[in-house]
1. Checking Ser47 against (1) closer than 18 Å to Gly140 by Cα; (2) touching an Asp or Glu at 6+ places or on another chain (Cβ under 9 Å); (3) at pLDDT below 85, only one condition comes out false. Which one?
2. Of all residues in segment 68-113 being among the polar types (S, T, N, Q) and surrounded by 19 or more Cβ atoms within 10 Å (Cβ to Cβ), which is farthest from Phe154 (Cα to Cα)?
3. Determine whether segment 19-38 contains at least one residue that is modelled with pLDDT of 80 or more and surrounded by 10 or more Cβ atoms within 10 Å (Cβ to Cβ).
4. Going by what's in this entry, would Glu121 be described as of a type in the set (Asp, Glu), assigned by TED's automatic domain parsing to the domain that holds Leu52, modelled with pLDDT of 85 or more and touching a helix residue (DSSP H, G or I) at 6+ places or on another chain (Cβ under 7 Å)?
5. Out of segment 65-88, which residues are at pLDDT 85 or above and assigned to a loop (DSSP other than H, G, I, E, B)?
6. Can you name the residue in segment 130-149 that is among the polar types (S, T, N, Q) and surrounded by 15 or more Cβ atoms within 10 Å (Cβ to Cβ) and, of all such residues, is modelled with the lowest pLDDT?
7. Exactly one of these conditions fails for Lys105: (1) assigned to a strand (DSSP E or B); (2) at pLDDT 90 or above. Give me its number.
8. For Asp118, state whether it is surrounded by 15 or more Cβ atoms within 10 Å (Cβ to Cβ), within 15 Å of the chain's Cα centre (by Cα) and not in a loop (DSSP other than H, G, I, E, B).
Amino acid sequence: MILPVIGTVLVAGALFVMLGYWIMVRWDHGLEGESYPPWFTDLDDTSWQRALAPNASGRVGLGPNTPVRVCGAAGEQAYLSSLTCDADPPTIPFPDPFAAAGARKEHLRPLLYPRIVDRYEVPCAGATVDLYLSPYHCKGEMTEEVPSGFVPRFEGG
């Protein structure tokens, strides 16, 4: 008689713990307010073609402690699609955001940077360049410049 009650309590407790874990993971990554941009559903939308500024520091995006700051995974894809490799001949590594979706290779937690950073492998003229992007900057603190070795693909906004 007591054994079925204990089993029911254990199953209910396990489900409660799983629900709590799921809520913590979503809360920790800030996904509660994230929505898909229009170009995920409308292939004719070119809003991802934002103009970037020429490179000022040369360091942004080239190391895990100086990542490019974007808003969400969609922002990472749009940013990468806005780059052209500064090589001879210039190459466009990702012709659209969907092409950039599979370039992410790992998530890192750098020592000097407070958030998780994604490492992307960007193919440029026979070589692969590692770019680091932080997708947790949706409140106007996004990077608007291009990493060293790249030029803006789109002029004007």
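The values are calculated or read from the model by the stated rules, or taken from the named source; none is laboratory data. Here the structure is a predicted model, which means the values were calculated and not measured. Heads up, the Cβs are rebuilt from the backbone with ideal geometry, glycines too, and the neighbour counts pull from every protein chain shown.
1. Failed condition: (2).
2. The extreme case among them is Gln77.
3. So the first thing to find is which residues in segment 19-38 are modelled with pLDDT of 80 or more, and the list is 19.
Among the residues that remain, those that are also surrounded by 10 or more Cβ atoms within 10 Å (Cβ to Cβ) are: 19.
Scanning segment 19-38 turns up at least one residue that is modelled with pLDDT of 80 or more and surrounded by 10 or more Cβ atoms within 10 Å (Cβ to Cβ).
4. Yes: the conditions hold for Glu121.
5. Residues satisfying the conditions are Thr66, Pro67, Val70, Ser82, Asp86.
6. Only one residue fits best here, namely Thr143.
7. Single failed check for Lys105: (2).
8. Values: surrounded by 15 or more Cβ atoms within 10 Å (Cβ to Cβ): yes; within 15 Å of the chain's Cα centre (by Cα): yes; not in a loop (DSSP other than H, G, I, E, B): yes.
Taking the combined requirement at face value, the residue satisfies it.
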